[in-house]
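To start, the structure itself, in structure tokens.
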Amino acid sequence: APHVSWNVPSIDFGSIRVGKSVTKTAIISNSGKAKVEIQNIKISNNSDLSLVQLSIPLDARLQIGDSLKFEISFNPSKRNYSLDSIIFTTQYGDFNLLIQSKGINSEMRQISPKDISYGMIPLGKIKTDSIQFINLGDDVDTLFTVELADKTGENNFNLIPPIANNIIYPENILQIKAEFRPQTNGVKTNIALIKIGNKVLATNLYGEGV
């Protein structure tokens, strides 16, 4: 009779950020006294996992004393925890290898209004508001830049990012102060552009100098 076994009890990819790829190997061997017919090899129902067979027997059999090596890659497309298996089907039944995988990512959400109106402010006076984001994901994100879309002309608006840290941890709030200090009379507008990770998030700023 055959004795078919994997060289590892299971594969655990741990937590991998969405868009990254990690590859592990596994070997299945026949240490018994009978040939094994390979009827099917597949991964159960997870498009984020891929399977590459590195050695392919010409007769579709796992001979006595032979082994097959596989590469299993995990490239998560979304936040998700999954239990899957490599299903190695033979005439003697299935020999499965459990795979654990978790896709993680940051998820920044703006919790302050996307339009900030300061109303009418006397010339030379300052009114301060704030632009706030929360990380609802399960991985960190990074604040890269804080800038105004229009840097020419009057300096009516000013953005003040946090001094201490540009890393936004899960469940943490990022707060950026947004000041309006009108230099002349009239309606003033600008756009705050906040780059977090690979996204630029915009907030419209309005105010009137009187």
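The values are calculated or read from the model by the stated rules, or taken from the named source; none is laboratory data. In this text, all values refer to a predicted model and were calculated from it rather than measured experimentally. Backbone-built Cβ (ideal geometry, glycine too); neighbour counts: all protein chains shown. What goes into the accessible areas is simple: the full protein's heavy atoms, side chains included, and nothing from ligands, DNA or RNA. Shrake-Rupley method; radii C 1.70, N 1.55, O 1.52, S 1.80 Å.
Beta carbons closer than 9 Å, at least 6 apart along the sequence or on distinct chains, pair a first residue in region 58-72 that is at positive phi with a second that is among the acidic types (Asp, Glu) and assigned to a strand (DSSP E or B) for ALA60/GLU37. Here is a check on your reading of the model: is PHE70 open to solvent by less than 70 Å² (accessible area, probe 1.4 Å), in a strand (DSSP E or B), at pLDDT below 95 and out of contact with any helix residue (DSSP H, G or I) (no Cβ under 9 Å at 6 or more places or on another chain)? Judged against the criteria, PHE70 is a match.
Of all residues in region 47-62, those satisfying the criterion of being surrounded by 10 or more Cβ atoms within 10 Å (Cβ to Cβ) and of a type outside the set (Gly, Ala, Ser) are ASP48, LEU49, LEU51, VAL52, GLN53, LEU54, PRO57, ARG61, LEU62.
One residue is enough: does region 103-114 have a residue meeting the conditions over 32 Å from the mean Cα position of the chain (by Cα), of a type in the set (Lys, Arg) and farther than 30 Å from ILE11 by Cα? Quick ask: steps written out before the conclusion?
First, the residues of region 103-114 that are over 32 Å from the mean Cα position of the chain (by Cα): none.
Within region 103-114, none of the residues are over 32 Å from the mean Cα position of the chain (by Cα), of a type in the set (Lys, Arg) and farther than 30 Å from ILE11 by Cα.
Suppose the filter is touching a strand residue (DSSP E or B) at 6+ places or on another chain (Cβ under 6 Å), basic (Lys, Arg) and surrounded by 14 or more Cβ atoms within 10 Å (Cβ to Cβ); does LYS42 pass it? No: the conditions fail for LYS42. Scanning region 119-152 for residues that are among the charged types (D, E, K, R) and outside any strand (DSSP E or B) returns LYS125, ASP138, ASP139, ASP150, LYS151.
Do we find a residue being touching a Leu at 6+ places or on another chain (Cβ under 9 Å), buried (at least 17 other Cβ atoms within 10 Å of the Cβ), more than 30 Å from THR142 (Cα to Cα) and among the acidic types (Asp, Glu) anywhere in region 77-92? So far as region 77-92 goes, yes, one or more of its residues are touching a Leu at 6+ places or on another chain (Cβ under 9 Å), buried (at least 17 other Cβ atoms within 10 Å of the Cβ), more than 30 Å from THR142 (Cα to Cα) and among the acidic types (Asp, Glu). Filtered by the rule that a residue be open to solvent by 70 Å² or more (accessible area, probe 1.4 Å), under 30 Å from ASP141 (Cβ atoms) and among the small types (Gly, Ala, Ser), region 17-38 gives a lone residue, SER21. Residues that are in a loop (DSSP other than H, G, I, E, B), surrounded by fewer than 19 Cβ atoms within 10 Å (Cβ to Cβ) and among the polar types (S, T, N, Q) were ranked within region 153-210; the one that is modelled with the lowest pLDDT is ASN165.
When region 96-149 is filtered for residues that are buried (at least 18 other Cβ atoms within 10 Å of the Cβ) and of a type in the set (Gly, Ala, Ser), the ones remaining, listed by number, are SER101, GLY103, SER106, GLY137.
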